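Trainee: My structure is below; once you've seen it, I'll send some questions.
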């Protein structure tokens, strides 16, 4: 999950929608029967368990506007799980996933602590959904189709993150942006409290960086969590005039660059281990596309706030590497491959993740704002991949991952959440894609 900046741009656009019903789902894997995309503006859907439905978008609306409106209609009908639990309390929340052609088949994933998948709940997807709704509200202030969803999502997120403890900087940025777009002081205060809590609990002044502190020895930390948390501390420190936060944020980013950035390929290792001698060692060599995008985006935010050239230089090298000799960008079909193996020096090309495209799009769009649209062509290429290849146009949504040639992935592994065709929409993929695409409209 991710995010590292917000914009106070007001743009009113009228989108007239006639929304009746929709069907949807999520998936990932090698292809069985592909789910084809059709360019029709009015889509009729017959699901296994729901009646025939249609969605009509207003003539003249942009491709992104139409796509987001269709996804929100789909989620309005199928995403809410009244049995979702937070800790031991039934709070409601979003489903993790549901089958594309039969939305009654939900939460195909590993069960939670009580063994009932129907109770599974990830607060992070609630936040992505709220952010997408807030952006839609900003872009289309005269459309009140989702006011009820927005109100419910806001209440849920405020409850979700009141005591959320993992130091993930993107959560801070998402809370702050949603609160700013909606003029909601409770969300802004939650962002403040969130970063204050992880500064107190997760910043180690001895080691000089943020990590999820606990009883684990040796310390293992995800580099994206650490670096993006550093950017969040800088932003919050400036926002609320707290120099200690700013200093801790810069130290955290500087530490991550010093120990976790591969100087040959210009990507960060996935995780690091602090051994007994106090030195950081590589924990995981995978450089996932989405994580590199999220970290580049965070560095661009840190550069904008501190004007430290090193942050911009590293972000530039990362983005150049993603499109360059690393082979991460598929020059034949488009789209970013899943990851780059920094130990083998080669991309992992078995599939492409939706979140990889979404998070890289955020970074590229942010870079273009700072650097006078140097990667404008590449930004449009990623938009095209998300809207024309990853988007399941007949059923209005996104799956977790696809094959390199954009077919439904078939998982043949004996580990993981599913075996077989991953033809399920995921709320994470849908929320992340909507956020990234609408960000290109917000500017």
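Trainee: In square nanometres, what is the average projected area of the Cα convex hull of segment 306-443?
Mentor: On the way: hull surface 39.1 nm².
Computed as one quarter of the Cα hull surface, the answer is 9.8 nm².
Trainee: May I pose another question? Sorted by average packing, counted as other Cβ atoms within 10 angstrom per residue and highest first, what order do 256-263, 120-127, 291-298 take? Spell out each step's value before the answer.
Mentor: Numbers: 256-263: 17.4, 120-127: 22.8, 291-298: 29.8.
Order by mean packing, descending: 291-298, 120-127, 256-263.
Trainee: Between residue 282 and residue 238, what's the calculated FRET efficiency when r is the beta-carbon distance and R0 is 51 Å? Round to 0.05. The partial results should precede the final answer.
Mentor: Numbers: r = 32 Å, r/R0 = 0.64.
E between residue 282 and residue 238, to the nearest 0.05, is 0.95.
Trainee: I need to check one value: relative contact order of segment 213-317, counting alpha carbon pairs closer than 8 Å and at least 6 residues apart, in percent. Each step should come with its number before you reach the end.
Mentor: Details: 148 pairs, mean separation 27.8, N = 105.
RCO, segment 213-317: 26 percent.
Trainee: Let me ask something additional. Just need log10 I(q)/I(0) for segment 18-442 at q = 0.08, 0.10, 0.11 Å⁻¹, Debye formula, equal scatterers on the alpha-carbon atoms, no solvent, rounded to two decimals.
Mentor: -0.42, -0.68, -0.83
Trainee: By per-residue mean of other Cβ atoms within 10 Å, what is the highest-first order of 206-214, 235-243? The partial results should precede the final answer.
Mentor: Numbers: 206-214: 18.3, 235-243: 16.7.
Output ranking for 206-214, 235-243: 206-214, 235-243.
Trainee: So what is the relative contact order for segment 18-442, in percent, with contacts set as C-alpha pairs under 8 Å and at least six apart?
Mentor: Details: 856 pairs, mean separation 95.0, N = 425.
Relative contact order comes out at 22 percent.
Trainee: Two decimals is fine: what's Rg over Rh for segment 222-325, C-alpha atoms, Kirkwood radius as Rh? Spell out each step's value before the answer.
Mentor: Details: Rg = 13.4 Å, Rh = 13.8 Å.
Checking Rg against Rh, the ratio lands at 0.98.
Trainee: Once you have a ≥ b ≥ c as the square roots of the Cα gyration tensor eigenvalues for segment 125-264, tell me rounded if a/c is under 1.5, and otherwise prolate or oblate according to whether a/b is larger than b/c.
Mentor: Cα axes put segment 125-264 in the prolate bin.
Trainee: Percent relative contact order of segment 131-264, based on C-alpha pairs within less than 8 angstrom and at least six residues apart? Walk me through the numbers before you get to the answer.
Mentor: Working: 156 pairs, mean separation 28.2, N = 134.
Normalised by residue count, the contact order of segment 131-264 is 21 percent.
Trainee: Sticking with this one: Compute the Cα gyration tensor for segment 66-139, then decide on rounded, prolate or oblate, letting a ≥ b ≥ c be the square roots of its eigenvalues: rounded whenever a/c is under 1.5, prolate when a/b is larger than b/c in the other cases, and oblate in all that remain.
Mentor: On the way: a/c = 2.82, a/b = 1.55, b/c = 1.82.
Note, shape of segment 66-139 comes out oblate.
Trainee: Of all the C-alpha pairs in segment 102-187, what % are more than 17 Å from each other?
Mentor: Values: 1972 of 3655 pairs.
Percent of Cα pairs beyond 17 Å in segment 102-187: 54.
Where a number appears in this text, it was derived from the coordinates with a stated rule and is not lab data. None of these values were measured; they are calculated from a predicted model. Cβ coordinates were reconstructed from backbone atoms using ideal geometry, including for glycine residues, and neighbour counts include every protein chain displayed.
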